[in-house]
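In what follows, a single structure is set out as structure tokens and then discussed.
The values are calculated or read from the model by the stated rules, or taken from the named source; none is laboratory data. Predicted, not measured: the structure shown is a model, and the values here were computed from it. Glycine gets a Cβ as well: all are built from the backbone with ideal geometry, and neighbour counts include every protein chain shown. Ligands, DNA and RNA are excluded from the accessible area calculation, which covers all protein heavy atoms including side chains. Shrake-Rupley method; radii C 1.70, N 1.55, O 1.52, S 1.80 Å.
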Amino acid sequence: MQPDPEANRLLAGIGLVAGACWTDVDGDGFSDLVVACEWGPLRIFRNHRGVLHDESSAWGLAAHTGLWTGITAGDFDGDGRMDLVAGNWGLNSPYRASPAEPLELLYGDYDDNGLVDVLEAYQVPGLGLAPRRDFDTIASALPFVRHRFASRRAYAQASWSEVLGPAKAHTRRLAVTTLLTTVFMNRGGRFEAVALPAQAQWAPVYGVGVADLDGDGFEDLFLSQNLHATRPDFTRMDAGRGLVLRGDGKGGWAVLSGQESGVLLYGEQRGCALADFDADGRTDLAVAQNGALTGLFRNLGARPGLRVRLVGPVGNPEGVGAQLRLRWGDRLGPARELHAGSGYGSQDSLIPVLATPEPPDHVWVRWSGGAETETMVPPGATGITVHGPGSALENSVPSRLLSQPRLPRP
């Protein structure tokens, strides 16, 4: 595979990427790239038949700058459009940020030693933007500061430009306007930001996973939480135990306690993966932790659903990028998408479990490239294999081709 020079130029200078996901946000059959940047915005690069275009502003994402960590996609209101969920630092830390008073990061080579120096800053009433760190910390990194101020009181009353003096000419700035872990609802051509409940803001969120964990027909969320390796002037941010949020199918969430969900993890949770490990039709959960055992949680309480295995063409035999929905007559369930990596350093199973609150009659699939098929679900089936266009057994299964694939431009 050869590098794509145009795409590489588009992504140059994007910043510190903490999470990424390929998801078809506009339903054209071509997966778009969504990126979560730390000290930056969420970015969306629309895939115009093989050519990426930065449309972050058009979709309403560019204004939401944060300490973003993980990101993935799911259909949280059952309309067939892929919504986004992105992890952030939450509200239980010394940091505060809003559009009116953003948390800022100033950086540059302030002492001409060839290294980049970093200065955190925040808004102080009556003073403006000022350094967050104390005099001794800043002066130890930038010795010229010690000569600029006769006392710590004078330093405490100085703005960032007064602290840096002539060195401020080298400054570049980044700003964070939100620390909320957030769902972005896809309204068709734009995203609407909706903060998750308070419990999701009690600790930094890293891994984010989407599945129907109780089998009621509505997509749920799992969030990996906590950060122990903090600075000396911060306490550990460890108020989370791994959080399960039950979706209501309308974009709303019910918080499950650890006693209700069964997830009780007290370490630094990071990557999380959702899969039916024991093939019983219930989605199970694995959660990795820094310096601690990986948690494996077997789902015992959900209503069993339908396991769906896709068989795609040569080059994509597992159907990565496809969207699946169950059909009950004229009604469709929420869309589930197959991702080759999402969340935070993780990948969910490519054999998803789709909830069956009642027996479905068909599985609808939009394959990567845009072809759509419907496959009948046999009565009483607990699992089904769907062969798509171009697969070896395409013509030997009872599937109906609804539309042809739309090939990318050469």
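Listed here are the residues, each with its yes/no results for (1) under 20 Å from ALA198 (Cα atoms); (2) modelled with pLDDT of 90 or more.
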position	(1), (2)
ASN88	yes, yes
LEU91	yes, yes
ASP112	no, no
GLU120	no, yes
ALA130	no, yes
TYR155	no, yes
GLY165	no, yes
PHE184	yes, yes
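Scan the stretch 246-267 and tell me whether some residue there is of a type outside the set (Lys, Arg) and over 27 Å from TRP202 (Cβ atoms). Within the stretch 246-267, none of the residues are of a type outside the set (Lys, Arg) and over 27 Å from TRP202 (Cβ atoms).
A quick yes/no check of all residues on (1) touching a residue at least 24 places away in the same chain (Cβ under 8 Å); (2) buried (at least 18 other Cβ atoms within 10 Å of the Cβ); (3) of a type outside the set (Gly, Ala, Ser):
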{"site": "MET82", "(1), (2), (3)": "yes, yes, yes"}
{"site": "TYR110", "(1), (2), (3)": "yes, yes, yes"}
{"site": "VAL145", "(1), (2), (3)": "no, yes, yes"}
{"site": "ALA150", "(1), (2), (3)": "no, no, no"}
{"site": "GLY165", "(1), (2), (3)": "no, no, no"}
{"site": "VAL176", "(1), (2), (3)": "yes, yes, yes"}
{"site": "THR181", "(1), (2), (3)": "yes, yes, yes"}
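In summary, GLY305 fulfils each of the numbered conditions (1) open to solvent by 60 Å² or more (accessible area, probe 1.4 Å); (2) farther than 18 Å from THR181 by Cβ with the single exception of condition (1).
Filtering GLY249, GLY240 for residues that are in a loop (DSSP other than H, G, I, E, B), surrounded by 24 or more Cβ atoms within 10 Å (Cβ to Cβ) and either at pLDDT below 95 or not acidic (Asp, Glu) (or both) leaves a single hit, GLY240.
Suppose the filter is in a loop (DSSP other than H, G, I, E, B), free of Cβ contacts under 8 Å to residues at least 40 places away in the same chain and charged (D, E, K, R); does ASP136 pass it?
Values: in a loop (DSSP other than H, G, I, E, B): no; free of Cβ contacts under 8 Å to residues at least 40 places away in the same chain: yes; charged (D, E, K, R): yes.
Judged against the criteria, ASP136 is not a match.
Residues in the stretch 19-36 that are surrounded by fewer than 22 Cβ atoms within 10 Å (Cβ to Cβ) and closer than 17 Å to GLY70 by Cα: ALA20, TRP22, LEU33. Just to be sure, is SER93 assigned to a loop (DSSP other than H, G, I, E, B) and under 22 Å from ALA12 (Cβ atoms)? Considered against the rule, which asks whether it is assigned to a loop (DSSP other than H, G, I, E, B) and under 22 Å from ALA12 (Cβ atoms), SER93 comes out as no. In the stretch 341-384, the residue that is least open to solvent (accessible area, probe 1.4 Å) out of those that are among the charged types (D, E, K, R) and assigned to a strand (DSSP E or B) is GLU374. Any residue at all in the stretch 270-288 that is open to solvent by less than 20 Å² (accessible area, probe 1.4 Å), in contact with a Leu (Cβ under 8 Å, 6 or more places away or on another chain) and of a type in the set (S, T, N, Q)? Yes, that holds for at least one residue. Scanning the stretch 213-237 for residues that are assigned to a loop (DSSP other than H, G, I, E, B) and of a type in the set (Gly, Ala, Ser) yields GLY215, GLY217, ALA229. Filtered by the rule that a residue be closer than 17 Å to ALA169 by Cβ and in a loop (DSSP other than H, G, I, E, B), the stretch 99-113 gives ASP109, TYR110, ASP111, ASP112, ASN113.
Any idea which of ASP112, ASP117, ASP134 is more than 25 Å from PRO102 (Cα to Cα) and of a type in the set (Asp, Glu)?
On the way: ASP117 fails: more than 25 Å from PRO102 (Cα to Cα); ASP134 fails: more than 25 Å from PRO102 (Cα to Cα).
Exactly one residue qualifies, and that residue is ASP112.
For the stretch 75-82, the criterion of being small (Gly, Ala, Ser) and assigned to a strand (DSSP E or B) is satisfied by no residue at all.
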